[in-house]
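Visitor: Provided herewith is a single structure, encoded as structure tokens, for subsequent inquiry.
The values are calculated or read from the model by the stated rules, or taken from the named source; none is laboratory data. If you're wondering where the values come from, they're calculated on a predicted model, not measured in any experiment. Quick reminder, even Gly has a Cβ in these numbers, built from the backbone with ideal geometry, and neighbours come from all protein chains shown. Just so you know, the surface numbers come from the protein's heavy atoms only, side chains and all, with ligands and any DNA or RNA stripped out. Shrake-Rupley method; radii C 1.70, N 1.55, O 1.52, S 1.80 Å.
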Amino acid sequence: MAIDIGRKLQDRWKSLLVAVPFFWLLLFFLIPFVIVFKISLAESLIASPPFSSLLTWGEEGELKIRLLIENYAYLFDDDLYVRAYLNSVKVAFISTVICLLIGYPMAYGIARANPTRRKILLILIILPFWTSFLLRVYSWMGILADQGTLNNFLIWLGLIDEPIRMLYTQFAVYLGIVYSYLPFMILPLYANIEKLDWSLLEAAADLGAKPISTFFTVTVPMTIPGIIAGSLLVFIPATGEYVIPDLLGGGNSLMIGKVLYNEFNSNHDWPVASAVAIALLILLVLPMMLYQRYQSKQLQA
Amino acid sequence: MPQDDNFAHRPWLDPDKDPFIKIRSVSKRFGDFTAVDNVDLDIYKGELFCLLGGSGCGKSTLLRMLAGFETPSSGELFIDGEKINDIPAYARPVNMMFQSYALFPHMTVEKNIAYGLQRDGVAKAEIKDRVSDMIKLVQLNDLAKRKPNQLSGGQCQRVALARALIKQPKVLLLDEPLAALDKRLREQTQYELMNLQDQLGITFVVVTHDQEEAMTLSTRIAVMDKGKFVQTGTPTEIYETPDSRFVANFIGSANIFQGHVVESDRDRVVVRSVRDDNLLFYIDHGSDLQVNAKVWVAIRPEKVRISTTPHAEARSNQLAGIVHDIGYLGRLSNYKIKLDNGKMIDVTHPNQTRPKSGEHLADWDEKVYLSWEPSSAVVLTQ
């Protein structure tokens, strides 16, 4: 009897514990999402709020629902949006690949370093987070500007005669994104590589695999989960990135985050902006769902 | 038995035979810790050689140096006449079976076994044939397409063995090959390992901490302690004529008495006990010991006879005591006998007949008489 009551109490605690994060997600993710989705189906008005209501009461007291898919159709009408989407994906993809190429050796080096040095290296990776993200991007403006630190330094060295244009180029955008998101690539990779059983690498060498061959036949396949996790952590926020293309890319970079910002703040067209946001979300959720399906298939096999 | 045939099974006795593996003054230091301390060793072709010792004695470090995972701090290693110090692990003619097996979890059994041949660029058709032959040899027929996490411990062990053997290495290194298996499977696998070695003629070097395993498997054993070899010899030599108290205690167990030599001849040594002036030990192996030298006499528990009646005639090596404890193990019983001078002695007695009404040969606190042959004990100087 006593045990039964105990178990019931325990079950209740369990459901309560699970309910808290669910409630959190409901309140701060699902409800705002529904609101944005609702706005995306409304009509733009010059009013406050600047969009029409979906539900109206008719003259005879009947409920009228008015849904517009026009905003979504508009995204395809004006090729600005499609181009911005494709460009965002391209920039995010290339940045992810660069992050992976730089981050993998770094994560590997940290995982193989001795424990004391490992701690210091990890702190160095995390340290930039202690400074505001915005501040760090601003300081890149100072470094990359025509009269900036880097150009002045190169001129002082005598390597160049006049400043190289770096700020407000695509190069600056890539630099900013890779710089900002590199830790998100390194940390999951490190966690994965650190758990790697080194005796597998010894076994590969023992069976005649040269170091490069061991890397591609054992190390890489064993760290695929880390590679995927790190890549998603870089790719997803990079696709919707607004600050970096705006500050470092200037008018030369067309990314969806910036388009969305302009729709909200310059055009005051909340419904179209919401439609852009929803479309962006779908675009980003898709690769994640594919990954999850791949993972559950892997687990079943 | 002709002389040649004799050497075929005991190549280390043949003075004309060149050792297959030569370890010359090899040391390995990690910081100020010396794991392997200036050791020399010869291992001959076709041997199943065991490095035996407790944890941290340096046996695994020595094996890892042969595999190429550790570089000797000093000294030289040779395999089949070739110096291997500077050859990287991937190019050495040795393969290793890891204690944890180290199977590649992302590959099937088949792919794991084929891995070594693929690295060597062997033709696909040949790889296929050799892998399927190997799978048959280690009896993994139905499991070729499975991944390691779908196998039992014993099956993993076979895959690891097959993977290491497929390249037909000159030397197979085995790091605690049976440690992860349960007792029954371990015994069965021991014999399979011996048969396989016999069949393939590959030289095996096995590292183990399990003295029973070493005794059953090996042609010869090197007992290691603190980075050095304490004794090297056949299982029989090591068990029957240990040359130190460490080996006598490490391999099996032994009763050890401290004493002084009172008489030393070519075929007889007499030792007087330190504890008891009236107690003399007679040992029939000769020695070049000086009279009065400090020595120890070791006698194995199973070589001591136990009886509840006094001996009819006065003989050498007789003791009396009281049964202090009895450990009944079924096929044999362990008796702890407290001697009149207070020392405890272990005696093992086989239960050759079924005791009537569950009684033991001797009961607790019963007076018993012990004796042994002069040929059964050994004199140790260290």
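Visitor: Please work out the C-alpha center-to-center distance from the range A:262-301 to the range A:102-131 and express it in whole Å.
Guide: The two parts, judged by their Cα centres, are 31 Å apart.
Visitor: Let me ask something additional. Taking each pair of distinct Cα atoms in the range B:17-246 once, what is the resulting Kirkwood hydrodynamic radius in Å? Numbers along the way, then the final one.
Guide: On the way: mean 1/r = 0.0549 Å⁻¹.
About 18.2 Å for the range B:17-246.
Visitor: Please work out how much accessible surface B:E192 shows to a 1.4 Å probe, ignoring ligands, DNA and RNA, in Å² rounded to 10.
Guide: 60 Å²
Visitor: How much length is gained if the chain between B:D133 and B:K336 is pulled fully straight, taking 0.36 nm per residue apart and subtracting their Cα-Cα distance, in nm to one decimal?
Guide: Taking B:D133 through B:K336 to full extension adds about 67.8 nm, to one decimal.
Visitor: So what are the radius of gyration and Dmax for the Cα set of chain A, in Å?
Guide: Here Rg and the maximum Cα pair distance are 25.2, 88 Å.
Visitor: Leaving ligands, DNA and RNA out of it, report the carbon-plus-sulfur percent of the accessible area of the range A:78-268 at a 1.4 Å probe.
Guide: Answer for the range A:78-268 is 70 percent, counting heavy atoms of protein chains only.
Visitor: Leaving out ligands, DNA and RNA, calculate the buried accessible area for the pair B and A with a 1.4 Å probe, summed over both sides, in Å² to the nearest 100.
Guide: Summing both sides, the interface buries roughly 1700 Å².
Visitor: Something else: Given H placed 1.01 Å from N in the peptide plane, which residues other than close sequence neighbours of B:E263 have an amide H under 5 Å from its amide H?
Guide: Counting only residues 5 or more places away or on other chains, the set is B:V270.
Visitor: How large is the accessible surface of B:D243 in square angstrom, using a 1.4 angstrom probe and rounding to the nearest 10?
Guide: Rounded to the nearest 10, that gives 60 Å².
Visitor: Let me know the Kirkwood hydrodynamic radius for the protein assembly as shown, please, with Cα pairs as the basis and the value in Å to one decimal.
Guide: Evaluated on the protein assembly as shown, it is 33.0 Å.
Visitor: Can you give the average number of partner chain beta-carbon atoms within 10 Å of each beta-carbon in peptide B:90-99, as a whole number?
Guide: The mean count of partner-chain Cβ atoms within 10 Å per residue comes to 4.
Visitor: Here's a follow-up. Using +1 at the C-beta of Lys and Arg and -1 at the C-beta of Asp and Glu, which of B:V109, A:F133, B:V295 has the Cα lying farthest in the positive direction of the dipole of the protein assembly as shown?
Guide: A:F133
Visitor: Roughly how much of B:H106 is accessible, in Å² to the nearest 10, using a 1.4 Å probe?
Guide: 60 Å²
Visitor: Suppose a student asked you for the relative contact order of chain B, using Cα pairs under 8 Å spaced at least 6 residues apart; what percent would you report?
Guide: 14 percent
Visitor: Bin width 10 Å, alpha-carbon pairs only: give the P(r) of the range B:1-96 as whole percents, running from 0 to the bin holding the largest distance.
Guide: In whole percents, the pair-distance histogram is 15, 44, 29, 10, 2, 0.
Visitor: Right, next: Quick one: plug the Kirkwood hydrodynamic radius of the range A:233-277 (C-alpha pairs) into Stokes-Einstein at 25 °C, 0.890 mPa s, and report D in µm²/s. Please report the intermediate quantities before stating the final value.
Guide: On the way: Rh = 10.8 Å.
Estimated diffusion coefficient is 227 µm²/s.
Visitor: Still on this structure: B:M96's amide H: which non-local residues (gap 5+, or another chain) put their own amide H closer than 5 Å, with H modeled 1.01 Å from N in plane and none for Pro or chain starts?
Guide: For B:M96, the qualifying residues are B:L173.
Visitor: So for the range A:1-124, what are the equivalent ellipsoid semi-axes in whole Å, largest first, each being the square root of 5 times an eigenvalue of the Cα gyration tensor?
Guide: 45, 36, 11
Visitor: Could you check the spin-label model distance between A:I282 and B:T353? Points 7 Å from the Cα along Cα→Cβ, value in nm.
Guide: Each label point is offset 7 Å from its Cα along the Cβ direction, giving 9.4 nm.
Visitor: ³J(HN,Hα) across the range A:189-202 via Karplus (A = 6.51, B = -1.76, C = 1.60, θ = phi - 60°), whole Hz, x for Gly/Pro?
Guide: Coupling constants for the range A:189-202: 5, 4, 4, 6, 5, 4, 7, 4, 7, 5, 5, 5, 5, 5 Hz.
Visitor: Hey, another quick one. Given the options B:L51, B:A222, B:L380, identify the residue whose Cα lies farthest towards the positive end of the charge dipole of chain B (+1 on Cβ of Lys, Arg; -1 on Cβ of Asp, Glu).
Guide: Farthest towards the positive pole: B:L51.
Visitor: Rank A:L30, A:L101, A:L232 by mean-square fluctuation in a GNM of chain A with C-alpha springs under 10 angstrom and give only the top-ranked residue.
Guide: Its mean-square fluctuation being the largest, the pick is A:L30.
Visitor: Here's another thing I want to ask about it. Students often get this wrong: which residues of the range B:260-279 have the backbone nitrogen under 20 Å from the point 7 angstrom along Cα-to-C-beta of B:A293?
Guide: Residues B:260-275 qualify, since their backbone N sits under 20 Å from the label point.
Visitor: Suppose every K and R has +1 on its Cβ and every D and E has -1 on its Cβ; what is the size of the dipole of the range A:154-243 about the Cα centre, in Debye to the nearest 20?
Guide: 120 debye
Visitor: Okay, next question. What's the magnitude of the charge dipole for the protein assembly as shown around its Cα centre, counting Lys and Arg as +1 and Asp and Glu as -1 at the beta-carbon? Answer in Debye, nearest 20.
Guide: Using only the charged Cβ atoms, the result is roughly 640 debye.
Visitor: Considering amide H positions built from the backbone, and no H for Pro or chain starts, which residues 5 or more places from B:T203, or on another chain, come under 5 Å of its amide H?
Guide: B:G46, B:L172
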